Amino acid sequence: MSEIEARLAAGEVAGTGSNWEEIRTSLLRQADREGAIDLAYERHDTPFGTMVIVAGEGGILRIALAAEPETEVLTDLARRVSPRIGRTGRDALTDARRQLDDYFGGELRTFDLPLDWRLTRGFRREVLHETAAIPYGATASYAQMARQAGSPRAVRAAGSALATNPLPIVVPCHRVLRSDGAVGSYLGGSPMKESLLKMERERTAA
């Protein structure tokens, strides 16, 4: 949480009702413009619940699915990246929200967003880069991802990278299946993974 947001939360700036929210939003935007906020976030409603989208200096840093508690996500980012986090709009967040809406609405198949990859590195990042290239409506296996990332034997490590994908949906880990074709696990739950795959198959076939 940024210093200015902490002051607002503590009630150091007075305000009530809609006017209070306008003051809070204005101050947070000012803080962001002045570089007092390193990470900006917004909540976004989707057919699969409310997600949290976080933007860093390089673009979208984190997309938290509805199954992930917001407080835990922000606390983790405060520890790993910066405690200067504020709920305020940025162009990257606006673009991400619009593209997510278009994706869920069947109007977008390829995301075009700047991504901040700081939460991954090494082999895990390579796996996610390869995953980002899986076409809409297509699937791949964990073994394929390990091979394409340069370590054919590291199938379990590839699975771990996908299980901790900080950018689900945009980096479509839901398109990676077990070698036997089974859906496998997914942070948002297997039913969500199955629904995403079904949606893409149907729209590809239409």
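No lab work stands behind these numbers, since they all come straight from the coordinates. The structure displayed is predicted, hence computed values, not measured ones. Glycine also receives a Cβ, built like all others from the backbone with ideal geometry; neighbour counts cover every protein chain displayed.
Computed values, structure above
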quantity	calculated
Where labels lie 7 Å past Cα in the beta-carbon direction, separation of D180 and D102 in nm	4.0 nm
Placed amide H near T88: partners under 5 Å, 5+ positions off or other chain	Y41
The stretch 122-205 - charge dipole about Cα centre, Lys and Arg +1 at Cβ, Asp and Glu -1, debye rounded to 20	140 debye
Inter-label distance for E194 and A138, nm, one decimal - labels placed 7 Å from Cα along Cα-to-Cβ	2.6 nm
In the stretch 75-164, GluC sites (Glu not before Pro) in a DSSP loop with at most 10 other beta-carbon atoms within 10 Å	E107
Two-site label geometry, T75 and S151: point separation in nm, points 7 Å out along Cα→Cβ	3.0 nm
Net length gained if the chain between E57 and D91 were fully extended (0.36 nm per residue, minus Cα distance)	11.1 nm
